[in-house]
Amino acid sequence: MPRCAGAFFSRTPRPLGFPKGAGPQCQGSALMTHYINLILVKHYEKNWGVMRLEKSFVGIKPDDLVTVTKMKHIVELQYMERKNTKCRIKKLDKDSYLVLETGEVKEFEHIENRKDSLNSLRQTFKKIRYLINNNFEGKPNELHCTLTYRENMTDTKRLYADLDKFIKRLKYKYKDKTTIDYLNVVEPQGRGAWHCHLLLRFNDLDAIFIENEVLRDLWGHGFVTVRSLKDIDNIGAYLSAYLSDIELNDTNAIHAILNEMPIKEVDGKKYIKGGRLHMYPPGMNLFRKSKGIEYPERKDMRYKNVKKIVGSAQPHYEKTYHIENEDFQNTIHYEQYNLKRTHM
């Protein structure tokens, strides 16, 4: 039986569901319950203000200005109580910027790890979701491939060099049949190894089928798997969660507690939201794309005009953030509509 950290438990009150007298020798399921309770308590204590804000959010008025992003059948709406209409700084170089109002030159605060900047991470995965939902729908001419190495390959430069060679071989194989567009997102593993999650679109074909063995030979470094996306109506959200979240276990539970990370439950399994993000080295590009993969158009409009786009659809996802930074505060509200679910 694995030994638990006795000193840790001696300083921590026994939570609901943790067996009395378990001490340092404890069952795995009870230990996991203990970890989960601690994570939830810390997360709720830290975010209690945000939770109250979500419950008391009064809603958006018909004439309020919102930003709408249309991505095929996914429509996202963003509302900000306070919205900047002009730029207040000018970037001078990678280390410094000019404050236009005062003329001061200040230095940027560089992050040491991607997780140190939650806003940066949020924006990166937001871009990924936008790109996926604007270019992929799970059609028969689209594939989702995972490229894996045989060995524990941790070299990020080699990762992208190998990916470029794979894409060139694939395009050459189909050069007389179709053009190919792609979006690749890298996934770090706990042991330090890398995977490539590759979305492929064969533009001039109605449908595509490629045997795993063919893709494996084109890859040449290990294993290739192909997953069907035909029953997933929000591919961007699905893959973003897949790439950023990690299943809760005895090894990573303490990390989640110390960093006050929220957990979620999917199909009976518990996952740490954003639990994989700290594995990305600083300065690394999480994704690459071909020229044919386009960002969606974003438009500002009155809230009352959104119905012209979404029709009778109701938001399937809503979230409100409250931001406080020194003397500045703002409230940001998101709504997402899935037009495929209108008549469900």
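The values are calculated or read from the model by the stated rules, or taken from the named source; none is laboratory data. Computed from a predicted model, the values in this text were never measured in an experiment. Here the Cβ is made from the backbone with ideal geometry for all residues, glycine too, and neighbour counts use every protein chain on show. Just so you know, the surface numbers come from the protein's heavy atoms only, side chains and all, with ligands and any DNA or RNA stripped out. Shrake-Rupley method; radii C 1.70, N 1.55, O 1.52, S 1.80 Å.
Probe 1.4 Å, all protein chains in place: accessible area of Phe223 in Å², nearest 10?
120 Å²
Please list the non-local residues whose amide H lies under 5 Å from the amide H of Ile89, H modeled 1.01 Å from N, same-chain partners needing a gap of 5 or more.
Leu100
Residue separation times 0.36 nm, minus the C-alpha to C-alpha distance between Lys304 and Asn203: what's the value? Present the calculation step by step, with values, prior to reporting the outcome.
Values: separation 101, 0.36 × 101 = 36.36 nm, distance 3.63 nm.
Gain in length upon complete extension: 32.7 nm.
Under a 1.4 angstrom probe, counting protein chains only, how are Glu76, Glu294 ranked by accessible area, largest first?
Ranked list, largest accessible area first: Glu294, Glu76.
In whole Hz, with x marking every Gly and Pro, tabulate ³J(HN,Hα) for segment 166-181 from phi via Karplus 6.51 cos²θ - 1.76 cosθ + 1.60, θ = phi - 60°.
Each residue of segment 166-181 in turn: 4, 4, 5, 5, 5, 5, 5, 5, 10, 4, 8, 10, 6, 8, 10, 10 Hz.
Starting from the Cα-Cα distance between Arg82 and Lys173, subtract it from 0.36 nm times their residue separation and give me the gain in nm to one decimal.
Values: separation 91, 0.36 × 91 = 32.76 nm, distance 5.19 nm.
Length gained, Arg82 through Lys173: 27.6 nm.
Ignoring everything but the protein chains, give the 1.4 Å probe accessible area of Lys173 in square angstrom, nearest 10.
My reading of the accessible area for Lys173 is about 110 Å².
Would you work out the charge dipole size for segment 131-242 about its Cα centre, treating the Cβ of every Lys and Arg as +1 and the Cβ of every Asp and Glu as -1, and quote it to the nearest 20 debye?
That gives segment 131-242 a dipole magnitude of about 360 debye.
Please list Phe108, Phe166 in order of solvent-accessible area, largest first, computed with a 1.4 Å probe with all protein chains present.
Phe108, Phe166
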